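Data block below; observations after.
The values are calculated or read from the model by the stated rules, or taken from the named source; none is laboratory data. Fair warning: this is a prediction, and the values are worked out from it, not measured in the lab. Every residue, glycine as well, gets a Cβ built from its backbone with ideal geometry; the counts of neighbours run over all protein chains shown.
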C-alpha cells in the first residue's frame, strides 16, 4: 500500500489544490503537512476521515486509491454469477439485507403462483 500522504498528494494535485488548503482542512501547519506528503509523517484517523469526506470517498477508498474516480458498480449488465460474487463482497449486514429482499420476492412469487393455480381450479 502506498503511504497515505502520496495518495492525498495525487488527489490534491488532480484537484488543483495547494498543500495549505489540505493542511487547513486537517488543522495542521503546512510544513508538517508537507512531511505527510513525503511519507515522513502520518495523519490521525480523524484527519484521514476529513480528507476522505472532502473528496467524497470512504476511508477504504482513500487508502486503496488507484487513481481516477472510483467507478460505480452496476450489476444490471452482469451475469448471475458475477452478481453473486459482488454480493459476496458486502459486509454481513448488507448481505443479510440483500438475501432477505430476495427471499421476500421469491415468497411473493410462490404465493402468486399458488393462488393462480388454486383459484383456477
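If I filter region 47-68 down to residues being at pLDDT below 85 and surrounded by fewer than 12 Cβ atoms within 10 Å (Cβ to Cβ), which single residue comes out as nearest to residue 10 (Cα to Cα)? Among those residues, the one meeting the criterion is 67. Taking region 87-96 as the range and being surrounded by 11 or more Cβ atoms within 10 Å (Cβ to Cβ) and part of a helix (DSSP H, G or I) as the test, the residues that pass are 87, 94, 95, 96. Taking each residue of region 91-104 that is on the phi < 0 side of the Ramachandran plot and looking for partners that are modelled with pLDDT under 90 and surrounded by 10 or more Cβ atoms within 10 Å (Cβ to Cβ) with beta-carbon atoms closer than 6 Å, six or more apart or interchain, yields 98/87.
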